[in-house]
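Participant: This is the structure, below, for whatever I ask next.
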Amino acid sequence: MLVQTPGFVNGAPLLLLRAEGLAIALASIAAFSGSGASWPLFAALILAPDLSMLFYLLGPRSGAAAYNAVHTYVGPALLFAASAAFGAPAGTAVALIWSAHIGIDRALGFGLKYSEGFGFTHLGRVGRQAPG
């Protein structure tokens, strides 16, 4: 059963956004597999975007801004385009790893953050909730 949370994506749109994340993750991983890039590189970088969470040490506003900056598809799309334009396969591999990371996060329900705290995302609350 889906819990309806005011101010967040709910119901069928939530399921579609999570399915979309899974589709992007699978497509990115398939493209990475076909690229001939190194799987140890994939393993080393798949969690790198989460280093942005360190900015939560400066407060929730800084944490949310840093997290969101590296958890949108804009960065990997620009890196992918630049890498393709300049014939840089390493950049293409990094872009695919980055987009796979974002897709996996979305599929698991980790959305973009609001400045109220790490657990407040556009896909709903994450983490432990106090009993209502």
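The values are calculated or read from the model by the stated rules, or taken from the named source; none is laboratory data. Remember, it's a predicted structure, so these values are computed and weren't measured experimentally. A quick note on method: Cβ atoms are made from the backbone with ideal geometry, for glycine too, and the neighbour counts reach across all protein chains shown.
Participant: Does Ser83 count as polar (S, T, N, Q) and under 23 Å from Phe110 (Cα atoms)?
Facilitator: Considered against the rule, which asks whether it is polar (S, T, N, Q) and under 23 Å from Phe110 (Cα atoms), Ser83 comes out as no.
Participant: Another one. What pairs come up if the first residue lies in the range 18-37 and is within 16 Å of Val94 (Cβ to Cβ), the second is charged (D, E, K, R) and part of a helix (DSSP H, G or I), and their beta carbons are under 9 Å apart, counting only those six or more places apart or on different chains?
Facilitator: Between residues of the range 18-37 that are within 16 Å of Val94 (Cβ to Cβ) and residues that are charged (D, E, K, R) and part of a helix (DSSP H, G or I), the close pairs are Ile24/Arg106; Ala25/Asp105; Ala25/Arg106.
Participant: Name the single residue that is modelled with the lowest pLDDT among those in the range 9-33 being touching a His at 6+ places or on another chain (Cβ under 9 Å) and more than 13 Å from Trp98 (Cβ to Cβ).
Facilitator: Per the stated criteria, the residue is Val9.
Each row is one residue, and each column tells you yes or no for (1) small (Gly, Ala, Ser); (2) at pLDDT 95 or above.
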{"position": "Ala64", "(1), (2)": "yes, yes"}
{"position": "Ala69", "(1), (2)": "yes, yes"}
{"position": "Ala81", "(1), (2)": "yes, yes"}
{"position": "Pro89", "(1), (2)": "no, yes"}
{"position": "Thr92", "(1), (2)": "no, yes"}
{"position": "Ala95", "(1), (2)": "yes, yes"}
{"position": "Ala100", "(1), (2)": "yes, yes"}
{"position": "Ile104", "(1), (2)": "no, yes"}
{"position": "Thr121", "(1), (2)": "no, no"}
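Conditions (1) in a strand (DSSP E or B); (2) under 18 Å from Ala37 (Cα atoms), marked per residue:
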residue	(1), (2)
Gly63	no, no
Gly75	no, no
Leu78	no, no
Ala84	no, yes
Ala95	no, yes
Ser99	no, yes
Gly111	no, no
Gly119	yes, no
Gly127	no, no
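Participant: Working carefully through the options Pro49, Pro60, Pro76, find the one that is under 18 Å from His101 (Cβ atoms), in contact with a Ser or Thr (Cβ under 9 Å, 6 or more places away or on another chain) and surrounded by 14 or more Cβ atoms within 10 Å (Cβ to Cβ).
Facilitator: One residue alone meets the criteria, Pro76.
Participant: Shifting gears a bit: From the list Phe110, Phe86, Phe55, Phe80, which one is free of Cβ contacts under 8 Å to residues at least 12 places away in the same chain and either under 25 Å from Ala12 (Cα atoms) or aromatic (Phe, Trp, Tyr) (or both)?
Facilitator: Exactly one of Phe110, Phe86, Phe55, Phe80 is free of Cβ contacts under 8 Å to residues at least 12 places away in the same chain and either under 25 Å from Ala12 (Cα atoms) or aromatic (Phe, Trp, Tyr) (or both), namely Phe86.
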